[in-house]
Amino acid sequence: MKIPNADFLERTGSEMLGARLWRLPPMSANTLHRHINSEEFFMVLEGVGKIRVDGTTYELRKHEGLHVWPEQMRQVFNDTPDEVLWLIVGAPDHEVPKGEKPDLTKFYPTDPTELPPELEGVIWPPQD
């Protein structure tokens, strides 16, 4: 979905913990997805962020966070004119054994590029 992000643990080789910063531009969204085994913690570091979990939308302010369990559908989005910076920590980080091809329908049971209703009419990701 072309969301700028930085993976902080990729250099450590950790297979149990992932941590990323996502900078959501105005009027943007990340993929609508779920994890099979991973729990995730989402925290807003700058701005006001929104996340939809299993159909419920949560608005988080700076330094507020939300825990999301495995199997729950989730999507982080930004329907404001300002950037929002998120910290996302998840464990375990690798849900598919190395060398195996993932069954993407388990993670994306619907169209992963589907935007939330708050972004109706927005074209995201941007067309090149």
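The values are calculated or read from the model by the stated rules, or taken from the named source; none is laboratory data. Quick caveat: nothing in here was measured; it's all calculated off a predicted structure. Backbone-built Cβ (ideal geometry, glycine too); neighbour counts: all protein chains shown.
Miscellaneous remarks
- Enumeration of residues in the range 8-31 that are in a loop (DSSP other than H, G, I, E, B), in contact (Cβ under 8 Å) with a residue 40 or more places away in the chain and not aliphatic (A, V, I, L, M): Ser14, Glu15, Pro25, Pro26, Asn30, Thr31
- Residue in the range 39-57 that is in a loop (DSSP other than H, G, I, E, B), surrounded by 13 or more Cβ atoms within 10 Å (Cβ to Cβ) and among the small types (Gly, Ala, Ser) present: yes
- Scope the range 58-79; condition among the acidic types (Asp, Glu), surrounded by fewer than 15 Cβ atoms within 10 Å (Cβ to Cβ) and part of a loop (DSSP other than H, G, I, E, B); matching residues: Glu64, Glu71
- Failed condition for Thr56, given (1) under 17 Å from Tyr108 (Cα atoms); (2) out of contact with any strand residue (DSSP E or B) (no Cβ under 6 Å at 6 or more places or on another chain): (1)
- From the options Ile36, Ile88, residue that is β-branched (Val, Ile, Thr) and either part of a loop (DSSP other than H, G, I, E, B) or exposed (fewer than 14 other Cβ atoms within 10 Å of the Cβ) (or both): Ile36
- Matching option when the condition is at pLDDT 90 or above, over 10 Å from the mean Cα position of the chain (by Cα) and within 22 Å of Trp124 (Cβ to Cβ), among Ser28, Ser38: Ser28
- Filtered residues of the range 3-53 (kept if out of contact with any Asp or Glu (no Cβ under 8 Å at 6 or more places or on another chain), acidic (Asp, Glu) and closer than 11 Å to Trp86 by Cβ): Glu40
- Pro70 meets all of the listed conditions (1) touching a His at 6+ places or on another chain (Cβ under 6 Å); (2) within 21 Å of Leu21 (Cβ to Cβ); (3) not aliphatic (A, V, I, L, M) but one, namely (2).
- Candidate set: the range 97-122, residues that are under 18 Å from the mean Cα position of the chain (by Cα) and without any contact (Cβ under 8 Å) to a residue 24 or more places away in the chain; chosen: the one nearest to Asn30 (Cα to Cα): Pro117
- Restricting Glu95, Glu100 to those that are modelled with pLDDT under 95, more than 30 Å from Gly121 (Cβ to Cβ), in contact with a His (Cβ under 7 Å, 6 or more places away or on another chain) and among the acidic types (Asp, Glu) reduces the list to Glu95.
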